[in-house]
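Beneath this line is the structure, given in structure tokens, with notes to follow.
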Amino acid sequence: MLENYLNIGLRSIFVDNMIFAYFLGMCSYLAVSKKIGTAVGLGAAVTFVLLMTVPLNWLAYNYVIKEGALVWLNDLGVSKEFADFSTVNLEVLKFIVFIAVVAAFVQLTEMAVEKLSPSLYNALGIFLPLIAVNCSILGAALFLPGKEFSFGQSAVYGASSGIGWFLAVVALAAIREKLSYSDVPKPLRGLGITFITVGLMAFAFLSFIGFKIPFGVE
Amino acid sequence: MSTETQAVENVEVKEREPLFSKKNRKLINNPLDADNPITVQVLGVCSALAVTVSLIPTLVMCISVLFVLIFSNLAISVMRNVIPGRIRIIVQLLVVATLVAIVDQVLQAYAYDVYKLITVFVGLIITNCIIMGRLEAFALANKPWPAFLDAVGNGLGYAVILIPVAFFRELFGSGSLLGINILGENYPGNGVMMSPVGACIVLGLIIWFQRARNGYTEEA
């Protein structure tokens, strides 16, 4: 059980890294990685939102969207003559449901943080609206149907995907801070060299693919 | 003095401008090069890197993005005066998500092989920053016709970068183009080009080339 969680965690931090394996959340990744401070702020916010929304979307998928997922309505007492929910399949709506969950959660968090902790709001506030449209949040939700996780596994998956993103953004910010002292050809400055750096970092992360986790299934 | 200039400006605004006036042509031309959504504004990068392993999924992706961009820009532009400011992001996301659900269903029905490859990335069109960016920056403040042109321009600007990236990655990665073998049976294939690493490096080089040509530089 614990080994299984550890396996999912390590896999999604290193092997299936959101940035280096799937390139999710690249826009904000490139935008905030100029300074380590802002990178840490956004990384923390992404990790928190992933940790919360992936299990929420797991619930939405398994109890509302999936074929036959609404069968609990029959169990609760809605008669089968009225509607037989075991054949209902709402896969068509999954995009709308997932993005609504993410956007609503981000909005609620922003309001709650603003109310409860103004200092935290000042540190993280500007990043929160950005996160609703961060591909890695929706991407993690869209990977869920293919993975057949349990609820606990989905929470571990969300958290460790976030940690992977956090590591990637802080690492790139550190490199870019150093890079500003080096003499890069003019047209390559900024975005161009950043892409090549990310490519080389992804190269390094490729080596984790052959990595065997000692107590894992694989 | 100041009232005079104001009056002149008002008259200018009231004049009907031709459908393809200089200003409107700019809406299409600018995103193709000088104001490109990917290489200059740095938006919509996720899918640019992820789907470009080969040409066919890339073309499908470009068409899907163009479709969603045009219709969401039109829809938001039509509704721009009735959307309350505080919840506009959610309204925009829902408009885009509905359009993406349509694209997803159409692909599933008519192009299942490609659909299997890019299904997650079609879903991610919802959070494609190009679309959100154009809705926020342009459609919310402009009439439907300029919004339509802006969408066409940015959609094509996206395709103009993606297609070369996919061209080089497919050619050097698997030695073929559009699935047809080009470099001969003996070409061993290049794992780096097939992997995300290749995408980053090819895109970096394309940016280098483009900026060397048009002289755009940024301080970093």
Looking at the range B:124-220, what helices (runs of 4 or more DSSP H) fall wholly within it and have at least 2 residues that are more than 30 Å from A:Leu179 (Cα to Cα) and within 13 Å of the chain's Cα centre (by Cα)? B:129-137, B:144-174
Which residue is farthest from B:Val122 (Cα to Cα), if the candidates are limited to the range A:3-59 and must be open to solvent by 40 Å² or more (accessible area, probe 1.4 Å) and within 11 Å of chain B (Cβ to nearest Cβ)? A:Lys34
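Just one of B:Val68, B:Val114, B:Val95 is more than 10 Å from chain A (Cβ to nearest Cβ), in contact with a Ser or Thr (Cβ under 8 Å, 6 or more places away or on another chain) and aliphatic (A, V, I, L, M); which is it?
B:Val95
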Elements of type helices (runs of 4 or more DSSP H) contained in the range B:20-114, each with 1 or more residues being without any contact (Cβ under 8 Å) to a residue 24 or more places away in the chain and of a type in the set (D, E, K, R): B:22-32, B:88-110
Answer yes or no: is there a residue in the range B:196-217 that is touching a Lys or Arg at 6+ places or on another chain (Cβ under 6 Å), within 12 Å of chain A (Cβ to nearest Cβ) and open to solvent by 40 Å² or more (accessible area, probe 1.4 Å). yes
Is it the case that the range B:175-195 has a residue that's within 8 Å of another protein chain (Cβ to nearest Cβ) and either over 16 Å from A:Leu191 (Cα atoms) or surrounded by fewer than 24 Cβ atoms within 10 Å (Cβ to Cβ) (or both)? yes
Can B:Leu27 be described as under 21 Å from A:Cys135 (Cβ atoms) and at pLDDT below 90? no
Applying the selection to the range B:75-118, what residues are buried (at least 17 other Cβ atoms within 10 Å of the Cβ) and hydroxyl-bearing (Ser, Thr, Tyr)? B:Ser77, B:Thr98, B:Tyr115
Residue within the range B:144-161 that is polar (S, T, N, Q) and under 24 Å from A:Ser136 (Cβ atoms) present: yes
Does B:Leu124 meet the test of being of a type in the set (A, V, I, L, M), within 16 Å of B:Val51 (Cα to Cα) and in contact with a Ser or Thr (Cβ under 8 Å, 6 or more places away or on another chain)? yes
Considering each of B:Leu162, B:Leu135, B:Leu124 in turn, give the residue that is in contact with a Cys (Cβ under 9 Å, 6 or more places away or on another chain), in contact (Cβ under 8 Å) with a residue 12 or more places away in the chain and within 11 Å of chain A (Cβ to nearest Cβ). B:Leu124
Select from the range A:1-28 the residues that are assigned to a helix (DSSP H, G or I), under 20 Å from A:Phe143 (Cα atoms) and not small (Gly, Ala, Ser) and list them in ascending order. A:Asn4, A:Tyr5, A:Leu6, A:Asn7, A:Ile8, A:Leu10, A:Arg11, A:Ile13, A:Phe14, A:Val15, A:Met26, A:Cys27
Examine the range A:61-70 for a residue that is in contact with a Ser or Thr (Cβ under 6 Å, 6 or more places away or on another chain), closer than 24 Å to A:Gly25 by Cβ and either of a type outside the set (Gly, Ala, Ser) or open to solvent by less than 40 Å² (accessible area, probe 1.4 Å) (or both), and state whether such a residue exists. no
Tell me, yes or no, whether the range A:168-183 has at least one residue that is more than 14 Å from chain B (Cβ to nearest Cβ), open to solvent by 30 Å² or more (accessible area, probe 1.4 Å) and under 20 Å from B:Ala199 (Cβ atoms). yes
Residue count for the range B:41-57, restricted to those that are in contact with a Lys or Arg (Cβ under 9 Å, 6 or more places away or on another chain) and within 14 Å of another protein chain (Cβ to nearest Cβ): 3
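The values are calculated or read from the model by the stated rules, or taken from the named source; none is laboratory data. Everything numeric here is computed off the predicted structure, so don't read it as measured data. We place every Cβ from the backbone using ideal geometry, glycine too, and count neighbours over all the protein chains shown. Note: areas computed on protein heavy atoms with side chains; ligands, DNA, RNA excluded. Shrake-Rupley method; radii C 1.70, N 1.55, O 1.52, S 1.80 Å.
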